[in-house]
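Values quoted throughout were computed directly from the atomic coordinates according to the rules given, and no laboratory measurement underlies them. All figures in this text were calculated on a predicted structure; none of them were measured in a lab.
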Amino acid sequence: MEQSGPHVLVVGAGVIGTACAHYLAESGRRVTLVDRSTVGGEASHGNCGCICPSHLLPLAEPGIIGQALTGLVSHSTPFFVAPRFDPSLWHWLLRFAGNCREKQMIQTGHFALALLQQSRRLYDELITKYQLKCDWETNGALYVCKQPQAFKALSAKSELLQTEFGIQARRLVDQQLTDMEPALREGLAGAWYFPDDAHLRPDHLLRSWRESLVQRGVTVQEQTEVRALSLRKECARAVITDRGDIRAEQFVFATGAMTPLLARDLGWQAPIQPAKGYSLTMPRPEPCPRLALHFVDYGVVATPWLSGYRLGSILEFSGYNRRVDPRRVALLRDGANQYLAEPCTETVEETWVGWRSMTPDGLPRIGPCPVASNVYVAAGHNMLGMSMAPATGQMIAQILNDHTPTIDPEPYRLAA
């Protein structure tokens, strides 16, 4: 489609910013996509690539506070809070604790599900239409438990997903489980299968998507750090970067965990905390899982691709640091070892850390920004940025084009 509409500058070229650029360009807008690193070079690079409507319930749920308190003192949990003096973190944790109620959890789940299901539909369309090369698999996901008590809790949650949210799920035990996924060890307590989930390889997706955008006329400017927003009469005119000013008519900040650092320019204190995630990328083990696997007791995910294999997860609230904690890496390996006959290969191609943008209620913030009438934000997608990206990009494009959004944007407003 010819790009002839008003110029939109998208700041942040992770999967959310890339999706925003895609749908804005598809609507006929002239688009520039800017990132301080490369397209997909930050949190979108090393995650597990699960596209999971099944993961609609927020982290803020009844009982999670006990895990968080354990994570204050233990380095062997997937949810770790580094003890330190950080008023913004403690304020965030207080707000998080206030959301750990069943009624709030269910309401948030419905709002999350709207984005997740729309994105799942859109992925099928855009991967086919634009021939994005990303090892796209639509054979579902398996949530597996080692201990009976974990399986009991997962079963209660899975039944809630079926009755309250209409999610398809199937309970598997004993031979049913190993028949479904022969790569699993015997003797596990049980699992639940979610047929509507999918998975892809994130780094391949972003590389292919970037090529597609450039072919369609989107300007991609990497290694460009945005330092300030230039305003005049309550309207943004340009962003000031380390490579000069970039002017535009409208601006979208899809800056993930870095959004709180832009508070002065955006005129908005983003309720976002960075939470470090880890992953290990390696060649496929033998035998290799057929499905994306969620190891519930350990909070670890294993994703198989045609081109490789990844273990990932962890939520480490330790501020903005990129230090690789070997204890976290060991937790990924140890977790997978409890479930898989061959959990890892000897060759690790990449040990990765990146920041997830966590909000206290588990919902992203999408919409107009207080600083100016032509500035918008799409950030705070928690652990679901890859799963929610297409619907977020579509919503941003619809809002900027004054179209009625497919999904009601009210639950994701910045003031929430």
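What's the angle, to the nearest 10 degrees (0 to 90), between helix 64-73's Cα axis and the longest principal axis of the chain?
Value to nearest ten degrees: 90.
If I take every Cα pair under 8 Å that is 6 or more residues apart in region 253-303, average their sequence separation and divide by the length, what percent do I get for the relative contact order?
20
Gain in length, L94 to L160, computed as 0.36 nm per residue apart minus the alpha-carbon separation, to one decimal in nm? Don't skip to the end; give the middle numbers.
Details: separation 66, 0.36 × 66 = 23.76 nm, distance 2.64 nm.
Length gained, L94 through L160: 21.1 nm.
Consider the candidate values [x] 23.1; [y] 21.6; [z] 22.4; state which one is Kirkwood radius over Cα pairs in Å computed from the structure displayed.
From the options [x] 23.1; [y] 21.6; [z] 22.4, the structure gives [y].
Compute the angle between helix 202-215 and the longest alpha-carbon principal axis of the chain, please, reported from 0 to 90 degrees and rounded to the nearest 10.
Once rounded, the angle reads 30 degrees.
Of K129, K103, K157, which is the most mobile in a GNM of the chain whose springs link Cα atoms less than 10 angstrom apart?
Comparing K129, K103, K157 in a Gaussian network model of the chain, the most mobile one is K129.
Please tell me the relative contact order of region 166-292 in percent, rounded to the nearest whole number, where contacts are Cα pairs under 8 Å and at least six residues apart. Working shown, then result.
Details: 104 pairs, mean separation 24.2, N = 127.
Reported as a whole number, the value is 19 percent.
Sequence neighbours fewer than 8 away in the same chain don't count; with that in mind, list the lysines whose C-alpha is under 29 Å from K133.
In chain and number order, the partners are K276.
How large is ³J(HN,Hα), in whole Hz, for each residue of region 134-148 in order, when computed from phi with the Karplus curve 6.51 cos²θ - 1.76 cosθ + 1.60 and θ = phi - 60°, using x for Gly and Pro?
Listing the rounded values in order: 8, 6, 5, 10, 10, 9, x, 9, 10, 9, 10, 10, 8, 9, x Hz.
Per the helix-only calculation at 222 nm, which mean residue ellipticity applies to the chain, given -39500 (n - 2.57) for every DSSP H run of n ≥ 4 and division by its residues, nearest 500 deg cm²/dmol?
-10000 deg cm²/dmol
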